[in-house]
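Asker: Quick one: the structure is below, questions incoming.
Derivation of every value follows stated rules applied to the coordinates shown; laboratory data play no part. For clarity, every value in this text was computed on a predicted model and none was experimentally measured. Methodologically, a virtual Cβ is constructed for each residue, glycine included, from the backbone with ideal geometry; neighbour enumeration extends over all protein chains shown.
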Amino acid sequence: MDRWKVVESFVLAARMKSFSRAADQLGVSRGLISKRIGSLEKMLGAQLINRVGANMNLTEAGSHYYDVCERMLAEFAKIESDITQLQSEPLGSLTVVAPLSFGSLHLAKAVAKFSVMHPNITISFKIDADTQPSFDSSRHEFDVSIRLVPPLDDAAFLARRLGSLRWVICASPAYIKKNGFPKTPEELREHNCLTHLRLTPDRVWRFADNASVKVDGTFRSNSALAIREAALAGIGVAQLPTYYVSGDLRDRSLCPILTSFPLAERPVFALLSSRQHMPRKVKSFVDYLARWFRDAPWE
């Protein structure tokens, strides 16, 4: 017999001092309540209820057992209520991990706005200098990790695509004045191109129409910040994300090149720490980020 239903029947009967009222409350027969309590007494080897005609009262053992069971049922009811609330309302703690440049330049503003919208969520926003962090699925310490590279194939995590980031080929006016504009992707081979050691280790720049060109140059770095500075200094032609150089393009510190040949956009993913039972706080945050990416405020 279901232990939970047996305990629930005993507590209700003891509280209401009536098998009939307990049966009505649970929507079962009076006989089933009596049978459940009888089986409980048999299992415990102790009489819990004295029955004298229509009256009933708890024995000493029954009174002790009732106090313990009532507290247990109340605690379970509270736990169930808390879990239901967590699923229905965005509250609790939320740990978000983001890459250094994008996290600092733009995502921090979005997270701050989300925090204003949901004051019942305590947010830990962690900036990670590693653009391709590796996660031990048995020791992850985040709810959502923003990745600017395709997620690792790990069954412990769920990846949701948030949107895409545009990239632009650009150079300083001084470099262009000295070296001229490349008119086709192939002409980039004749220019000093600044390459990213991690994002383009093969030094191949890929375009939206599936075309590609292998470039070379005198400056390489694993930092987009360093490549941007080299481009501003007039060293060469750079491939940089628009979220990073939108201000430079507006004030003409950098000039876009090959605008008729757009680069392939790069997807952005939210890596979630669990595939099952997504808390409301996580769903609310990821849905919010997906809407925010559609607006792309840096553009």
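Asker: As a check on your grasp of the helix formula, calculate [θ] at 222 nm for the chain: sum -39500 (n - 2.57) over DSSP H runs of n ≥ 4, divide by the residue count, round to the nearest 500.
Answerer: Taken over the chain, the calculation gives -12500 deg cm²/dmol.
Asker: Subtract the Cα-Cα distance of THR218 and SER124 from 0.36 nm times their separation in residues, and report this length gain in nm to one decimal.
Answerer: Here the segment from THR218 to SER124 would lengthen by 29.8 nm.
Asker: To continue, here is another question. In nm², what is the average projected area of the convex hull enclosing the Cα atoms of segment 167-257?
Answerer: Computing the convex hull of the Cα atoms and averaging its projections yields 5.3 nm².
Asker: Just the projected area, averaged over all directions, of the convex hull on the alpha carbon atoms of segment 222-299: how many nm²?
Answerer: Working: hull surface 28.9 nm².
Orientation-averaged projected area of the Cα hull: 7.2 nm².
Asker: Say we join alpha carbon atoms closer than 10 Å with springs in a Gaussian network model of the chain; which of SER164, SER145, SER212 then has the biggest fluctuation?
Answerer: Looking only at SER164, SER145, SER212, the largest GNM fluctuation is found for SER212.
Asker: Please work out the C-alpha center-to-center distance from segment 239-284 to segment 41-61 and express it in whole Å.
Answerer: Cα centroid to Cα centroid, the span is 70 Å.
Asker: Let me ask something else. Indicate, rounded to the nearest 5 percent, the antiparallel portion of the DSSP beta bridges found entirely in the chain.
Answerer: Details: 26 of 40 bridges.
If we restrict to bridges inside the chain, about 65 percent are antiparallel.
Asker: What do you get for chymotrypsin sites (Phe, Trp or Tyr not before Pro) in segment 153-200 restricted to DSSP loop and a cutoff of at most 16 other Cβ within 10 Å of the site's Cβ? Before the final figure, lay out each step's value.
Answerer: On the way: sites: PHE157, TRP167, TYR175; in loops: PHE157.
Passing sites in segment 153-200 do not exist.
Asker: Counting other Cβ atoms within 10 Å of each Cβ, which trypsin sites (Lys or Arg not before Pro) in segment 175-256 have at most 10 and sit in a DSSP loop?
Answerer: Values: sites: LYS177, LYS178, LYS183, ARG189, ARG198, ARG203, ARG206, LYS214, ARG220, ARG228, ARG250, ARG252; in loops: LYS183, ARG198, ARG203, ARG252.
For trypsin sites (Lys or Arg not before Pro) across segment 175-256 that sit outside H, G, I, E and B with at most 10 neighbouring Cβ atoms in 10 Å, the list reads ARG252.
Asker: A follow-up question, please. Return the tail of the calculated pair distribution for segment 3-88, meaning the percent of Cα-Cα pairs more than 14 Å apart. Intermediate results must be reported in sequence, preceding the final value.
Answerer: Working: 2369 of 3655 pairs.
Every Cα pair in segment 3-88 considered, those over 14 Å come to 65 percent.
Asker: Structure shown: which of LYS35/LYS78; LYS42/LYS78; LYS113/LYS281 lie over 18 Å apart, alpha-carbon to alpha-carbon?
Answerer: As for pairs spanning more than 18 Å Cα to Cα, those are LYS35/LYS78; LYS42/LYS78.
Asker: Of (1) 1, 5, 9, 11, 11, 9, 7, 6, 6, 5, 5, 4, 4, 3, 3, 4, 3, 2, 1, 0, 0, 0; (2) 1, 6, 13, 18, 20, 18, 13, 7, 3, 1, 0, 0; (3) 1, 5, 11, 14, 15, 13, 11, 9, 7, 6, 4, 3, 2, 1, 0, which one was derived for P(r) over Cα pairs in 5 Å bins from 0, in percent from the structure shown?
Answerer: Matching the structure shown: (1).
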